[in-house]
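First the structure, in the form of structure tokens, and then the observations on it.
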């Protein structure tokens, strides 16, 4: 966009001149111009051309975005000035990257990636982990590689940190892989133990599950979003709804049985995930003293497993 047009469109946005639509991003509303939104985003173009009552009344509801993020989105598409983006913190840039992808605004995507890539060189480990998570959320390989590179080069001795415990389960597994060769093996094991404790994962005595139903086949690696584990019981709850009531006592018995089955499935999913994480640990790179002090006192392995893994460890230096 020509630079002389930027103040013109900024004035339109600030003074709401000739606005012809109202975008509702609860709890706030924004007076906008269809032609500007539609020219920037195919998503909004389709919305405005749709044959539904919102198109006729000029009021549109946009979900899954924070009002603050939408405000910055408008500032961008009314000016296309990357300098305005550079004033925002990295968390907001990640949010704008998400809406840029969702609303098909290619320039916003590329500008956010460019700024985040430049900033990564000075980010704290917490910010880099947020970038690592956000990059995986949108499956942006370029940003994933940037985050990995900076984590390895600048924080290779500090990768076992509290911020890592806030990662989603699938991304934590990927982060654990990144730490291989950079973080002591005993510290990697501690990370797993801490992640299990902080996120309240159930660890069954065995990773096997003998029930009729299997965990979600899409979770081939044993990974499942911690926040979504309750979805496992949806099928069971449906079965419960189909049971014909035969009296209060019988109904309660069925409910208890369903609850037990759901708990078993939940533990199986968690246990499979933890087993997957433990599969990345190279016990042969631990000393026997490290193993005894950390792994030996952990509940993640049973006695037989501890005995087998202990035999893989290195002899302590005299």
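The values are calculated or read from the model by the stated rules, or taken from the named source; none is laboratory data. Note that the coordinates shown come from a computational prediction; the quantities given were computed from them, not determined experimentally. Cβ: placed from backbone, ideal geometry, glycine included. Neighbour counts: every protein chain shown.
Looking at (1) at pLDDT 95 or above; (2) surrounded by fewer than 20 Cβ atoms within 10 Å (Cβ to Cβ); (3) farther than 18 Å from residue 25 by Cβ, which one does residue 157 not meet, given that it meets all the others?
For residue 157, the exception is condition (1).
I'm trying to understand the selection: among the residues of the range 21-66, which are over 23 Å from residue 108 (Cα atoms) and at pLDDT below 90?
Those that are over 23 Å from residue 108 (Cα atoms) and at pLDDT below 90: 50, 51, 52, 53, 54, 55, 56, 57, 58, 59.
When residues of the range 75-103 are filtered for being at pLDDT below 95 and either more than 23 Å from residue 120 (Cα to Cα) or touching a strand residue (DSSP E or B) at 6+ places or on another chain (Cβ under 9 Å) (or both), how many remain?
Final tally of qualifying residues: 4.
Within the range 12-20, does at least one residue satisfy the condition of being surrounded by 15 or more Cβ atoms within 10 Å (Cβ to Cβ), modelled with pLDDT of 85 or more, in the same structural domain as residue 82 (by TED's automatic domain parsing) and not in a helix (DSSP H, G or I)?
Yes, because at least one residue in the range 12-20 is surrounded by 15 or more Cβ atoms within 10 Å (Cβ to Cβ), modelled with pLDDT of 85 or more, in the same structural domain as residue 82 (by TED's automatic domain parsing) and not in a helix (DSSP H, G or I).
What helices (runs of 4 or more DSSP H) lie completely within the range 41-139 and have 1 or more residues being within 20 Å of the chain's Cα centre (by Cα)?
67-77, 90-102, 106-119, 125-137
Checking the condition free of Cβ contacts under 8 Å to residues at least 24 places away in the same chain and either crowded, with 19+ Cβ neighbours inside 10 Å or more than 14 Å from residue 95 (Cβ to Cβ) (or both), which residue from 145, 127 passes?
Every option except 145 fails the conditions.
Taking residue 175, is it surrounded by 15 or more Cβ atoms within 10 Å (Cβ to Cβ) and in a loop (DSSP other than H, G, I, E, B)?
Considered against the rule, which asks whether it is surrounded by 15 or more Cβ atoms within 10 Å (Cβ to Cβ) and in a loop (DSSP other than H, G, I, E, B), residue 175 comes out as no.
Of everything in the range 177-189, what is over 14 Å from residue 285 (Cβ atoms) and in contact (Cβ under 8 Å) with a residue 60 or more places away in the chain? Give them in sequence order.
Once the filter is applied, which keeps residues that are over 14 Å from residue 285 (Cβ atoms) and in contact (Cβ under 8 Å) with a residue 60 or more places away in the chain, the range 177-189 yields only 177.
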